[in-house]
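> Have a look at this one.
The values are calculated or read from the model by the stated rules, or taken from the named source; none is laboratory data. What you see is a predicted model; the values in this text were computed from it and never measured. Positions of Cβ are backbone-derived with ideal geometry, glycine not excepted, and every protein chain shown enters the neighbour counts.
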Amino acid sequence: MDKKYRKKLNAEFLEMKPLMGVLAILNNAENKVFIKESIDLRALSNRIRFELNNGKFDNRSLQDDWNRLGEKSFFFENAMIVPWEENKIVDYKKEVLKARNDLKQEQSKTKNIY
């Protein structure tokens with residue numbers, strides 16, 4: 001790989017902003033939902049899927065359902081996205097927590113929450 005191309009890729013990487021918001025894991029078989037917030041949804045989704053597949057997830061109820069029903073019964077969804085705001089100082093952790101609380105309140109009306 002030549003140096004110019006490598007510098008270009010490095011610059012693009014440094015400009016990337018992670019997808020922030022709330023992840024919902026829907027258990028379609030039993031009408032349940034697991035809700036978790038993150039400032040990097042892609043990493044959170046990958047981590048949770050890895051832990052569930054290896055039997056190491058910390059929410060025992062979700063882990064038991066995953067083991068019993070299988071991955072095909074679950075759907076991972078970026079339920080709420082918190083947008084980046086250019087040229088502003090924003091407490092994104094606070095924004096993501098607010099989005100999670102709003103989604104939990106909304107989902108608790110129709111689904112059981114893990």
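> When region 17-40 is examined, which residues are found to be assigned to a loop (DSSP other than H, G, I, E, B) and either more than 23 Å from residue 100 (Cβ to Cβ) or not hydrophobic (A, V, I, L, M, F, W, C) (or both)?
Of everything in region 17-40, those that are assigned to a loop (DSSP other than H, G, I, E, B) and either more than 23 Å from residue 100 (Cβ to Cβ) or not hydrophobic (A, V, I, L, M, F, W, C) (or both) turn out to be 17, 18, 28, 29, 30, 31, 40.
> Confirm whether residue 46 is within 15 Å of the chain's Cα centre (by Cα), at pLDDT 95 or above and in a helix (DSSP H, G or I).
When the stated conditions are applied, residue 46 passes them.
> Run down 89, 48, 113, 81 and say which single residue is among the β-branched types (Val, Ile, Thr) and surrounded by 14 or more Cβ atoms within 10 Å (Cβ to Cβ).
From the options 89, 48, 113, 81, the qualifying one is 48.
> Scan region 94-114 for residues that are among the β-branched types (Val, Ile, Thr) and either touching a His at 6+ places or on another chain (Cβ under 9 Å) or in a helix (DSSP H, G or I) (or both) and jot them down.
Hit for region 94-114 is 96, nothing else.
> In addition: Which numbered condition trips up residue 30, out of (1) free of Cβ contacts under 8 Å to residues at least 24 places away in the same chain; (2) over 14 Å from the mean Cα position of the chain (by Cα)?
All conditions are met except number (1).
> Residue under question is residue 78, and the condition is that it be part of a helix (DSSP H, G or I), at pLDDT 95 or above and at negative phi; does it hold?
Here the answer is no, as residue 78 does not meet what is asked.
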